[in-house]
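The values are calculated or read from the model by the stated rules, or taken from the named source; none is laboratory data. Because the structure is predicted, anything quoted here is derived from the model rather than measured. Here the Cβ positions follow ideal geometry from the backbone for every residue, glycine too, while neighbour counts run over all protein chains shown. Ligands, DNA and RNA are excluded from the accessible area calculation, which covers all protein heavy atoms including side chains. Shrake-Rupley method; radii C 1.70, N 1.55, O 1.52, S 1.80 Å.
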Amino acid sequence: MHYSILPTISTLVNEKQEKLFIKPITEGKWLGSASMSEPGTGSRLWHMISYATKNNNEYIINSFKSFCTSNNFNNFYLVPVRVSKDAKSNELSIFIVESTNKDVHIIGKWDAMGLRGTSSNPVHFKDCKVPPINLLGDTENAFPLLLMSVLPIYLLGLSTVYLGIAQKAFDAAVSHVEKKIYVNNNEKGSEIETVQRYIGEMQIKLSTIRNTIYKLAKTLNGFNLYLDQLYQANLLKKSLNKIQDDSLFIELAEIKVAACEMSIEVTNKAVQICGGTGYIRGHVVEQCYRDARAGSIMGPSDDIMKVLIGKKVLGYPFPWEI
Ligand SMILES: Cc1cc2nc3c(=O)[nH]c(=O)nc-3n(C[C@H](O)[C@H](O)[C@H](O)COP(=O)(O)OP(=O)(O)OC[C@H]3O[C@@H](n4cnc5c(N)ncnc54)[C@H](O)[C@@H]3O)c2cc1C
């Protein structure tokens, strides 16, 4: 999450904000959260409900964000909200809100099925007052910029996380069958043909996803510089449609879905291979199986991604283009 919001911040900051916000980030002193999803719209991240108002010399944010990874140990939140109560659902202002702000309230204790260390519970920005210096960029470009700067690195980042989870489960399963001996015939777990087949299937999935991630990472390299140049030259808005049509965006959406589905499949097989041992709470494959389940839910969910990809193939507009 932290890495996915950095391109937006670095593209939008002015000179004064650069000193204030970029410096502590590059020095490794500031960790950020992305506060996008809201309970009313969930994974339809293109539709914000909450808003900010301007009062004298400050902004007042009223926003309930349903999941914010790294709250409790972050230093700031990146918070997109509607420009005003009456603004359109994607006419946005993007704020940086320090976690020390007394109007920021973390709701409850994070107690999820997996990813239990992420502290991703809801955060309420209640009449949250922030100075104008915390508003990033102009409102006209905010939504396209979020799409173009957060989404690519987020989708690729998420894919790598779920590849890592699957790889960890795979390694644990391999290690398990190499040690396991069936005493009735002195057979090793790794000698069982069904196990060999599972391992082969898992290896194919892992390699395919890994190779695609590397390929896309190379293509994405330099994309943020390109964004920055477009923004500085005032060409960002004009370029939006062209960039969204870019096959790179579709490929990134595809790899997110494929990596998350692969992670569920591979961790599931790892539990199967390890038998009852893998089903015990605290075993590596048990933890990976629970962690892997989150990927397909993470917004934009796999379901939504598939619909969006289908729309693109069939020539229908995206929901935010209507
Ligand atoms: C561990 C974890 C960490 C998270 N961290 C963050 C974070 O740091 N920042 C942040 O902003 N958000 C975060 N989220 C939120 C996440 O990105 C999703 O937005 C959220 O989980 C989905 O919203 P929801 O629970 O309201 O589900 P819903 O949006 O209600 O979705 C429920 C189901 O309906 C399906 N669905 C809904 N609409 C459509 C549609 N139009 N087409 C097809 N299917 C549809 C979905 O695919 C899903 O299966 C996190 C979520 C989790 C689980």
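How many residues does segment 3-16 hold that are open to solvent by 60 Å² or more (accessible area, probe 1.4 Å), within 19 Å of residue 155 (Cα to Cα) and away from the ligand (no atom under 16 Å from the Cβ)?
Qualifying residue count for the region: 1.
For residue 120, state whether it is hydroxyl-bearing (Ser, Thr, Tyr), in a loop (DSSP other than H, G, I, E, B), in contact (Cβ under 8 Å) with a residue 40 or more places away in the chain and open to solvent by less than 20 Å² (accessible area, probe 1.4 Å).
yes
Among the candidates 89, 84, 99, single out the residue that is over 18 Å from residue 30 (Cα atoms), away from the ligand (no atom under 13 Å from the Cβ) and under 22 Å from the mean Cα position of the chain (by Cα).
Sole residue among the options that is over 18 Å from residue 30 (Cα atoms), away from the ligand (no atom under 13 Å from the Cβ) and under 22 Å from the mean Cα position of the chain (by Cα): 89.
What number of residues within segment 269-297 are open to solvent by less than 50 Å² (accessible area, probe 1.4 Å), hydrophobic (A, V, I, L, M, F, W, C) and assigned to a helix (DSSP H, G or I)?
Looking only at that region, the number is 7.
Of the residues 54, 29, 19, only one is of a type in the set (D, E, K, R), modelled with pLDDT of 90 or more, surrounded by fewer than 18 Cβ atoms within 10 Å (Cβ to Cβ) and assigned to a loop (DSSP other than H, G, I, E, B); which?
Testing whether each residue is of a type in the set (D, E, K, R), modelled with pLDDT of 90 or more, surrounded by fewer than 18 Cβ atoms within 10 Å (Cβ to Cβ) and assigned to a loop (DSSP other than H, G, I, E, B) leaves just 29.
Based on this model, can you work out whether residue 94 counts as among the aliphatic types (A, V, I, L, M), touching a Cys at 6+ places or on another chain (Cβ under 6 Å) and under 17 Å from residue 138 (Cα atoms)?
Spelling it out, it is not the case that residue 94 is among the aliphatic types (A, V, I, L, M), touching a Cys at 6+ places or on another chain (Cβ under 6 Å) and under 17 Å from residue 138 (Cα atoms).
Pairs please, first residue from segment 286-310 and more than 20 Å from residue 42 (Cβ to Cβ) and free of Cβ contacts under 8 Å to residues at least 60 places away in the same chain, second anywhere and open to solvent by 20 Å² or more (accessible area, probe 1.4 Å) and in a loop (DSSP other than H, G, I, E, B), Cβ atoms under 9 Å, 6+ apart in sequence or on different chains.
Short answer, once both residue conditions are applied: 286/280.
Look at residue 137 and say whether it is under 14 Å from residue 11 (Cα atoms) and open to solvent by 10 Å² or more (accessible area, probe 1.4 Å).
yes
Quick one: in segment 72-82, of everything that is assigned to a loop (DSSP other than H, G, I, E, B) and at pLDDT 95 or above, which residue is surrounded by the fewest Cβ atoms within 10 Å (Cβ to Cβ)?
Applying the filter and picking the extreme gives 75.
Inside segment 36-81, can you point out the residues that are among the hydroxyl-bearing types (Ser, Thr, Tyr), away from the ligand (no atom under 16 Å from the Cβ) and out of contact with any Asp or Glu (no Cβ under 9 Å at 6 or more places or on another chain)?
53, 59
So for segment 256-265 (the condition being more than 13 Å from the ligand (Cβ to nearest atom) and among the hydroxyl-bearing types (Ser, Thr, Tyr)), does at least one residue qualify?
Within segment 256-265, one or more residues are more than 13 Å from the ligand (Cβ to nearest atom) and among the hydroxyl-bearing types (Ser, Thr, Tyr).
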